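First the structure, in the form of structure tokens, and then the observations on it.
The values are calculated or read from the model by the stated rules, or taken from the named source; none is laboratory data. Please read all numbers here as calculations on a predicted model, not as lab measurements. Because the Cβ atoms are built from the backbone with ideal geometry, glycine has one as well, and the counts that use them run over all protein chains shown. Surface accessibility is based on the protein's heavy atoms, side chains included, excluding ligands, DNA and RNA. Shrake-Rupley method; radii C 1.70, N 1.55, O 1.52, S 1.80 Å.
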Amino acid sequence: MARTLVAATVLASAGALLAPTPARVSKVVVNYEASQALPFMEKPEALDGSMAGDVGFDPFGFSSTFNIKWLREAEVKHGRICMLAWTGFVATDLGFTLPGDMHQVSSVMAHDVACKYGAMQQIFLWLSFMEIVHSFGVAQTMWMGSDREPGDFGLDPLDFCSTPEKKADMQLKEITHGRLAMFAFSGVVTQAVLTGKGFPYF
């Protein structure tokens, strides 16, 4: 036992005479780029700024799970629908309606009346047809290797996108107004239901 203690003491003393070994420093380079919209989060890899209105906003990480072109197609489509929906909702409550007693109702009540008279079934059929036609464009974009941009159906009769600069400007305006319209339509329906009043719903 004594020999063991003496050996340990000698080794400890000898170790004290050795120069300390410098700590190893890891040289791993971290490529971190903050999101423009959410600076406290990392910029999503799929949001590379190539699409109009891309400011790196994806707090739930959808772009890492789903095809970014499919997400943009859905965003553009819902934005366009909500721009029309807000306009139609408010216009109806301002008195712009079709002739006939069945159409002389508020926007909130229009759904139930349309179901009663069969108009909603016609709307459903037409929208289903449009969705089928739309799905061909989505398939071209995502699976057939087409260079078609999401939301582009070649519809520009007034030549608003005659130059690349004009096209980029119009795309940014459309996506910005579409996003605003999605919030606006949700808000106007909620306020109309809660207040039970027509435009301006208070």
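The residues listed here are 53, 145; of these, the one that is within 27 Å of the chain's Cα centre (by Cα), under 23 Å from residue 168 (Cβ atoms) and not aliphatic (A, V, I, L, M) is 53.
Look at (1) more than 23 Å from residue 130 (Cβ to Cβ); (2) open to solvent by 70 Å² or more (accessible area, probe 1.4 Å); (3) touching a residue at least 24 places away in the same chain (Cβ under 8 Å) and you find that residue 164 fails only one, number (3).
Among the residues of region 186-200, the ones that are more than 13 Å from residue 86 (Cα to Cα) and either surrounded by 12 or more Cβ atoms within 10 Å (Cβ to Cβ) or not hydrophobic (A, V, I, L, M, F, W, C) (or both) come to 4 in all.
Quick grid of which residues meet (1) free of Cβ contacts under 8 Å to residues at least 24 places away in the same chain; (2) closer than 24 Å to residue 188 by Cβ:
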residue	(1), (2)
104	yes, yes
121	yes, no
129	yes, no
135	yes, no
138	no, no
144	yes, no
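Among the aromatic types (Phe, Trp, Tyr), at pLDDT 90 or above and part of a loop (DSSP other than H, G, I, E, B): does that describe residue 199? So residue 199 fails the test. Among the residues that make up region 105-121, is at least one of them under 18 Å from residue 76 (Cβ atoms), touching a helix residue (DSSP H, G or I) at 6+ places or on another chain (Cβ under 9 Å) and surrounded by 12 or more Cβ atoms within 10 Å (Cβ to Cβ)? There is no residue in region 105-121 that is under 18 Å from residue 76 (Cβ atoms), touching a helix residue (DSSP H, G or I) at 6+ places or on another chain (Cβ under 9 Å) and surrounded by 12 or more Cβ atoms within 10 Å (Cβ to Cβ).
Testing residue 151 on (1) over 26 Å from residue 57 (Cα atoms); (2) among the small types (Gly, Ala, Ser); (3) open to solvent by less than 60 Å² (accessible area, probe 1.4 Å); (4) not in a helix (DSSP H, G or I), one condition comes back false. Which one is that? Only one criterion is unmet by residue 151, namely (1). Taken over region 41-99, residues that are part of a helix (DSSP H, G or I), charged (D, E, K, R) and buried (at least 19 other Cβ atoms within 10 Å of the Cβ) amount to 3. The residue that is modelled with the lowest pLDDT, counting only those in region 61-98 that are of a type in the set (A, V, I, L, M) and over 11 Å from the mean Cα position of the chain (by Cα), is 98.
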